Each structure stands twice: as C-alpha cells, then as structure tokens.
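Chemist: Below you'll find the structure I mean.
Each value in this text was obtained by applying a stated rule to the coordinates, not by laboratory testing. If you're wondering where the values come from, they're calculated on a predicted model, not measured in any experiment. FYI the Cβ positions are ideal-geometry reconstructions off the backbone, even for glycines, and counts take in every protein chain you see.
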C-alpha cells in the first residue's frame, strides 16, 4: 500500500538522485526540466500555484519511493511526473495505486470531470498501468519531440470522472463479493 504526501524542498535531493541521465529526466518530466535536474529548477516547479506535487510513500516501510503530480488546468486535471524512483519497488503494481490516488484527488477533492496524462509510445509498461486505471488513448492528440536526436512520440490518454467512478464501483463490488 502507498500514500501520498506533499512534496517539499526536503525531498529535492532524493528526487534528483533518481534521475541519472537526460533520457530518464525526459521520460519522467517531458521537456519541462533540463539535465541535470537541480534544486533551482525544482524550486521554480513548486512555486507554480497550479502544481500539486506529491511524494509516494510505501506504508509498510514508511519509505519514500516515488513522486507524482496533479497539474490543475482550467478544464482538466493533468497527471504528470509519475515515477517509482526506488527501483526495487518497480513492477509491483504500485504505479496503478499512485494513478488511482491521483484520480481520486482529481475527481473527488478537486472536482474535475476529466483527467489526462501524456506518455511516450515506447513506454509500454506505463501505458498498461494507465489502462488498468481506466485511461484510454486519445488518438487525436500526439506530439513528437527530439531527445538526443531521436524522435519520441507522446500519446495523450484520458479518463472521465464517470468512467473512473464506474470502474472503482465495479472493483468494490468484486471485493465485497469475495468476502
């Protein structure tokens, strides 16, 4: 299990330590930061009033294992910068938990009707994670950037509050049936 707590200046060093190269930084943050990631960049990032950044804490060990964000735009909650930084915690389904907690905050706390995110088309494990939470690829919105001279295609994925609530309700019904 995991929980989300606000990301603060005291978390900067840990996040920076998880990003070893340009490709990892772009995979994590798109073109929003430059490599190497610095505390100055993170201070500017946190100063944006629409940025709600969180550290991901694994509750059993109480260890910070990741980072994630909701960026509040006028009409959509944008899920961004989702990272399980501690490599031993990757591949355990925690990404789906992170996404669902972000969706809960987006739809319940912030009262959005639509959430979206962007993911590079080669990042199959991330795409599968987002699909498990109910996201669908929005074929009308793609973008390509050059990273170290190579094209990276970004896919946009979306989910509505109604779709997420329906998926969450179905999941709760299955849990209750198994009791």
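Chemist: Would you work out if region 1-88 is rounded, prolate or oblate? Take a ≥ b ≥ c from the square roots of the eigenvalues of the alpha-carbon gyration tensor; rounded if a/c is under 1.5, else prolate when a/b is larger than b/c, oblate otherwise.
Modeler: Values: a/c = 1.55, a/b = 1.11, b/c = 1.40.
Verdict is oblate for region 1-88.
Chemist: Spin-label point model (7 Å from Cα, Cβ direction): what's the residue 131 to residue 17 distance in nm?
Modeler: Distance between label points: 3.5 nm.
Chemist: Now a separate question. Is the shape of region 35-149 rounded, prolate or oblate, going by the alpha carbon gyration tensor and its root eigenvalues a ≥ b ≥ c, with a/c under 1.5 for rounded and a/b larger than b/c for prolate? The partial results should precede the final answer.
Modeler: Numbers: a/c = 1.10, a/b = 1.08, b/c = 1.02.
Rounded.
Chemist: Now for a different question. By how many degrees, 0 to 90 and rounded to 10, does the Cα axis of helix 161-177 deviate from the longest principal axis of the chain?
Modeler: Once rounded, one gets 60 degrees.
Chemist: May I pose another question? Based solely on its DSSP helices, what 222 nm [θ] is calculated for the chain when runs of n ≥ 4 H residues each add -39,500 (n - 2.57) and the sum is averaged over all residues, nearest 500 deg cm²/dmol?
Modeler: On the way: 6 runs with 61 residues, N = 179.
Theoretical 222 nm ellipticity from helices: -10000 deg cm²/dmol.
Chemist: A further question on this structure: To the nearest 0.05, how large is the calculated FRET efficiency for residue 162 and residue 72 if R₀ is 30 Å and r is the Cβ-Cβ distance? Show your work: numbers first, answer last.
Modeler: Values: r = 20 Å, r/R0 = 0.66.
Efficiency, rounded to the nearest 0.05: 0.90.
Chemist: At 0.36 nm per residue, and after removing the present C-alpha to C-alpha distance, how many nm does the segment from residue 24 to residue 60 gain when stretched out fully?
Modeler: Details: separation 36, 0.36 × 36 = 12.96 nm, distance 2.73 nm.
10.2 nm is the gain from fully extending residue 24 to residue 60.
Chemist: Next question. If you rank 68, 113 by fewest surrounding Cβ atoms within 10 Å, what's the result? Could the numbers behind the result be given before it?
Modeler: On the way: 68 24, 113 12.
So the ranking, lowest neighbour count to highest, is 113, 68.
Chemist: What FRET efficiency comes out for the pair residue 113/residue 3, r = Cβ-Cβ distance, R0 = 25 Å, nearest 0.05? Mind dumping the intermediate values first?
Modeler: Numbers: r = 25 Å, r/R0 = 1.01.
The pair residue 113/residue 3 has a calculated efficiency of 0.50.
Chemist: While we're on this one: How do 67, 109 rank when sorted from fewest to most other Cβ atoms within 10 Å of their own Cβ? Please report the intermediate quantities before stating the final value.
Modeler: On the way: 67 24, 109 11.
Ordered from fewest to most neighbouring Cβ atoms within 10 Å, 67, 109 come out as 109, 67.
Chemist: Rounded, prolate or oblate, given the Cα gyration tensor of region 77-141, with a/c below 1.5 counting as rounded? Before the final figure, lay out each step's value.
Modeler: Numbers: a/c = 2.10, a/b = 1.23, b/c = 1.71.
It comes out oblate by the Cα gyration axes.
Chemist: To make sure I understand, if each residue's beta carbon is the centre and we count other beta carbons within 10 Å, what order do 130, 71, 112 fall in, fewest to most? Don't skip to the answer; put the middle values down first.
Modeler: Working: 130 24, 71 17, 112 21.
The order, fewest Cβ neighbours first, is 71, 112, 130.
Chemist: Give, in nm to one decimal, the length gained when the segment between residue 10 and residue 90 is fully stretched (0.36 nm per residue of separation minus the Cα-Cα distance).
Modeler: Full extension of this stretch gives 26.5 nm more.
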